[in-house]
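Trainee: Below you'll find the structure I mean.
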Ligand code: AMP
């Protein structure tokens, strides 16, 4: 069983690489950003509550986010493991995840950190904004999202590093090359499991 977190700043290619990694490992990806966006698109109550934060580049309050993840992790497909993409993002979320895993007598295997130079991130995000027209991809919001990441999420790396769980991966350059590094990592994780 493999339980992983994929961490990386906005624009690091986290969503794409999460799918590559989870696909190779044969576990579902749980992307809180995707779930929020689907809730907004579907006009659900969660979506209505989350939208203002997402559009402003702010984090959705922990209470809402944690409740959503709690429900998601109770689903059957997570039994053989899962990969979290975009969660946890705050210290409060780390505490809740610890509690959820402990209650199920499971533990985290690793935290994969995608490392990308901040300058490269802004350029990539602006390019994506043109292609995808996401409501949170204007330059001002992009800068805000990077700031929020630095302030609230970067400290989590330290927490997990102290537990010896962090595996850094170079996220620079072409998406395809990053995927190759991610697949190499997947092989070593599969080996480790045996
Ligand atoms: P992402 O696609 O992972 O960049 O997420 C898009 C947006 O969804 C973020 O900018 C936040 O507004 C919200 N979001 C996603 N995951 C979380 C989380 N773990 N905690 C709070 N807000 C989140």
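Trainee: Suppose a student asked you for the relative contact order of the chain, using Cα pairs under 8 Å spaced at least 6 residues apart; what percent would you report?
Mentor: So the answer I get is 35 percent.
Trainee: Work out Dmax and Rg for the stretch 15-116 from the C-alpha atoms and quote the Rg first, both in angstrom.
Mentor: For the stretch 15-116, the Cα radius of gyration and maximum Cα-Cα distance read 13.7, 37 Å.
Trainee: Taking a ≥ b ≥ c as the square roots of the eigenvalues of the Cα gyration tensor of the stretch 148-187, is the shape rounded (a/c under 1.5), prolate (a/b larger than b/c) or oblate?
Mentor: On the way: a/c = 4.20, a/b = 1.55, b/c = 2.71.
Since a/c reaches 1.5 but b/c is at least a/b, the shape of the stretch 148-187 is classed as oblate.
Trainee: Does the stretch 38-96 classify as rounded, prolate or oblate by the C-alpha gyration tensor (a ≥ b ≥ c root eigenvalues; a/c under 1.5 gives rounded; else a/b over b/c gives prolate, otherwise oblate)?
Mentor: Taking the square roots of the gyration eigenvalues as a ≥ b ≥ c, the stretch 38-96 is oblate.
Trainee: Assuming 0.36 nm per residue, please report the length gained on full extension of the stretch residue 167 to residue 75 beyond their Cα-Cα distance.
Mentor: Residue separation times 0.36 nm, minus the Cα-Cα distance, leaves 30.4 nm.
Trainee: Right, next: If the chain between residue 192 and residue 131 were fully stretched, how many nm would it gain, using 0.36 nm times the residue separation less the Cα-Cα distance? If you can, show how the numbers build up before the last one.
Mentor: Numbers: separation 61, 0.36 × 61 = 21.96 nm, distance 3.86 nm.
Separation in residues times 0.36 nm, less the Cα-Cα distance, equals 18.1 nm.
Trainee: Largest first and in whole Å, what are the equivalent-ellipsoid semi-axes of the chain based on the Cα gyration tensor, each being the root of 5 times an eigenvalue?
Mentor: Working through the eigenvalues yields semi-axes of 24, 21, 15 Å.
Trainee: Given the Cα-Cα distance of residue 16 and residue 151 and 0.36 nm per residue of separation, how much length would full extension add, in nm?
Mentor: Gain in length upon complete extension: 46.2 nm.
Trainee: Rounded to the nearest 500 deg cm²/dmol, what is the calculated helix-only ellipticity per residue at 222 nm for the chain, with -39500 (n - 2.57) per DSSP H run of length n ≥ 4?
Mentor: The per-residue figure over the chain is -18000 deg cm²/dmol.
Trainee: Counting alpha carbon pairs within less than 8 Å and at least 6 residues apart, what relative contact order, in whole percent, applies to the stretch 1-59?
Mentor: This gives 17 percent for the stretch 1-59.
Trainee: Let me ask another. Could you tell me the ratio Rg/Rh of the stretch 104-194? Both radii from Cα atoms, Rh via Kirkwood.
Mentor: Result: Rg/Rh = 1.04.
Since every read-out is calculated from the coordinates, none of them should be taken as a lab result. From a predicted model like this one, the values you see are computed outputs, not experimental measurements.
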